[in-house]
Amino acid sequence: MTALDLQHCLALDAADPLAHFRDMFLLPEDVLYLDGNSLGALPAATPDRMSEVVRSQWGIGLIRSWTASHWIEAPQRVGGKIAGLIGAKTNEVIVADSTSVNLFKLIVAALQARPGRRTILSEAGNFPTDLYMIQGAIAAVGGGCRLETRPRETLLEAIGEDVALVLLTHAHYKTADLFDMAAVTRRAHESGALILWDLSHSAGALDLDLNAAGADLAVGCGYKYLNGGPGAPAFLFVAERHHATLCSPLTGWMGHAHPFEFTDDYMPAPDIRRFLCGTPPILGLAALEVGVDLIGQADMPLLAGKSQQLCRLMIDLVEQECGFAGFELLGPQRDAIRGSHVSFHHAEGYAIMQALIADGVIGDFRAPDAIRFGLTPLYLRFADIWEAVQRLRKVMAERRWDQDEYRVRATIT
Ligand SMILES: *Cc1c(COP(=O)(O)O)cnc(C)c1O
């Protein structure tokens, strides 16, 4: 292989049909932001949009804005736009709550829809909140339900007659390993189980088709690749065939068929709105809608293709430039089964990431020893990857990480 150089990266940027999207984000000049999978960057249109919603819709419209500014429809409207990014129908997705809360609602709904089956199957090492919410849902529902976790290699064979729900994260948060959504869904259905896909590390970066895969349920994050801002509301998907039968255990009034009739008895809305609970967070929804509209302008297969290219470039450059430093790729070598981030093992990973951040390259650290780089296809340039790896090489060659201040663990990594 001929050596990769900056010229090569600049040529890739010049040929990138998505390159113009970068100008639609506000990114600090001196920072290489490789953490868009934890908190997406700020779209340039968001501050003005927020100002309008706050000053005009809230400040002047006041309560009239629920109708006049279509606040009440926002969960469905933004959900419908997200549907276009994940291969769902517009009436199958709604924005509500956080990913964790949406997991709870759908886990309990699935258990109740498969009476007699008592096992929820997930992957050992899945994102913590997914496993924790299963544990909490089981404790709330009772009836002898249990969580079974398996390593990826033996997961499929564990889908048996007792499994009510298979809950998996499509792109693993640490390794970026992808599940074959269609194949695993088929396997779950053969055993009569429902499947719930967590799309937190997929939606907005990968080309997804929930309906082609036959998925039952899904959840995902608003603040990662959808660029909805810190703590943005999350989304959930329920396949239309389940709308009449699956019910949320969090029976708040916004999920009622007629919330403004103020009746004493709960009656779920006939459609996806039954998965709402309380009053929607309009400011969060407004910011999320800007991010979703922006991605909606991009072609998803192109985005997914650029993700693969960025990750491949990063892996090859780390090998070429930092071969001396002892990084070991965590996760797949094959591009087709990798999400949009790359992680490397290194015993000194924490200090290395702190030194890198001090040098303007923002990635993150995932315990026990992984440094992780989110390679957002919408706003990163190939030349950014070149520059980031050059700075990583310097951090390693000059042992800049080897300082006490870089070993102090912060609360958030
Ligand atoms: C980021 C992430 C979440 C986040 O859940 P919150 O409720 O927003 O904190 C959930 N699941 C996965 C797989 C994630 O990567």
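Name the aspartates and glutamates eligible as straight-distance cross-link partners of LYS105: C-alpha to C-alpha under 20 Å, and not fewer than 8 places from it in the same chain. Candidates past the 8-residue exclusion: GLU92, ASP97, GLU123, ASP130, GLU148, ASP198, ASP216, GLU240, ASP265, ASP271. When the Cα gyration tensor is reduced to axis lengths a ≥ b ≥ c, the ratio a/c is 1.5 or higher for segment 200-300, and with a/b not above b/c it is classed as oblate.
All other residues with a Cβ under 14 Å from the Cβ of GLY278 taken together, and with Lys, Arg as +1 and Asp, Glu as -1, what is their net charge? Before the final figure, lay out each step's value.
Working: positive: LYS105, ARG273, ARG274; negative: ASP97.
Its environment carries a net charge of +2.
Measuring between alpha carbons in the structure, the pairs from LYS174/LYS306; LYS224/LYS306; LYS81/LYS224; LYS81/LYS174 lying more than 22 angstrom apart are LYS81/LYS174.
Give me, ordered by chain and number, the residues 5 or more places off ILE195 or on other chains with an amide H under 5 Å from its own placed amide H. Result for ILE195 returns VAL166, ASP216, LEU217. Based on the convex hull around the alpha carbon atoms, segment 20-133 presents an average projected area of 11.3 nm².
For a footprinting-style exposure proxy, rank SER100, SER122 by other Cβ within 10 Å, fewest first.
Least to most surrounded, the residues fall as SER100, SER122.
When every Cα-Cα distance of the chain is counted in 20 angstrom steps from zero, the calculated P(r) takes the values 26, 54, 19, 0 percent.
The angle between the Cα long axis of helix 282-296 and the longest principal axis of the Cα atoms of the chain comes to about 60 degrees, rounded to the nearest 10. Measure nothing but the geometry: give the 0 to 90° angle between the long axis through the Cα atoms of 349-358 and the longest principal axis through the Cα atoms of the chain, rounded to 10°. Its long axis makes an angle of about 80 degrees. Here the Karplus relation 6.51 cos²θ - 1.76 cosθ + 1.60, evaluated at θ = phi - 60°, turns the backbone of segment 400-413 into coupling constants of 5, 6, 7, 9, 4, 4, 7, 9, 6, 6, 7, 5, 10, 10 Hz, with x for every Gly and Pro.
For segment 307-413, which trypsin sites (Lys or Arg not before Pro) are in a loop by DSSP, counting at most 14 other Cβ atoms within 10 Å? Kindly include the intermediate steps, with their values, before the conclusion.
Numbers: sites: ARG312, ARG334, ARG338, ARG366, ARG372, ARG381, ARG391, ARG393, LYS394, ARG399, ARG400, ARG407, ARG409; in loops: ARG334, ARG381, ARG399, ARG400, ARG407, ARG409.
Passing both the DSSP loop test and the Cβ count: ARG334, ARG399, ARG407, ARG409.
For the residues LEU196, LEU155, LEU206, a GNM of the chain with alpha-carbon springs under 10 Å puts the largest fluctuation on LEU155.
Between the amide H of LEU32 and those of VAL361, ILE362, distances stay under 5 Å, these residues lying 5 or more places away or on another chain, with hydrogens modeled in the peptide plane.
Across all directions of projection, what mean area in square nanometres is found for the Cα convex hull of segment 87-235?
On the way: hull surface 32.7 nm².
For the Cα atoms of segment 87-235, the hull's average projected area reads 8.2 nm².
Given 0.36 nm per residue, what is the gain on full extension from HIS8 to ASP30 after removing their alpha carbon distance, in nm?
Working: separation 22, 0.36 × 22 = 7.92 nm, distance 2.22 nm.
In short, 5.7 nm is gained.
For the chain, a Gaussian network of Cα nodes joined below 10 Å ranks ALA158, ALA140, ALA188 by mean-square fluctuation, and the top entry is ALA140.
Using 0.36 nm per residue and subtracting the Cα-Cα separation, the extra length available between LYS174 and GLU148 on full extension is 7.3 nm. In order along segment 238-252, the phi-based Karplus estimate (6.51 cos²θ - 1.76 cosθ + 1.60, θ = phi - 60°) of 3J(HN,Hα) comes to 10, 4, 3, 4, 9, 4, 7, 10, 7, 10, 6, x, 9, 8, x Hz; Gly and Pro are listed as x.
Could you list THR2, THR279, THR169 in order of exposure, starting from the residue whose Cβ has the fewest other Cβ atoms within 10 Å?
The most exposed by this proxy come first: THR2, THR279, THR169.
If you take all other residues with their beta carbon under 9 Å from the beta carbon of THR169, and give Lys and Arg +1 and Asp and Glu -1, the sum is -3.
Put a dot 7 Å past the Cα of GLU387, heading toward its Cβ, do the same for VAL141, and the two dots end up 4.9 nm apart. Site pair GLU405 and GLN333 shows an inter-label distance of 4.0 nm when each label is modelled 7 Å from Cα along Cα→Cβ. The angle separating the long axis of helix 99-113 from the principal Cα axis of greatest extent in the chain is about 50 degrees.
Highest mean first, how do 348-354, 207-213, 254-260, 63-69 rank when packing is the count of other Cβ atoms within 10 Å averaged over residues?
Values: 348-354: 22.9, 207-213: 18.1, 254-260: 15.7, 63-69: 13.6.
Result, highest mean first: 348-354, 207-213, 254-260, 63-69.
Rounded to the nearest whole Hz, the Karplus-based 3J(HN,Hα) values (6.51 cos²θ - 1.76 cosθ + 1.60, θ = phi - 60°) of segment 190-202 follow the sequence 4, 9, x, 8, 8, 10, 10, 9, 8, 9, 3, 9, 10, with x at glycine and proline. Can you tell me which of ALA96, ALA218, ALA74 moves the most in a GNM of the chain? Springs connect C-alpha atoms under 10 Å apart. Looking only at ALA96, ALA218, ALA74, the biggest GNM fluctuation is shown by ALA74. For segment 149-170 versus segment 271-300, the inter-centroid distance based on Cα atoms is 30 Å.
Computed from the coordinates by the stated procedures, all read-outs in this text should not be read as laboratory data. Since this is a predicted model, take the numbers as computed values, not measurements. Please note: Cβ atoms are built from the backbone with ideal geometry, for glycine as well, and neighbour counts cover all protein chains shown.
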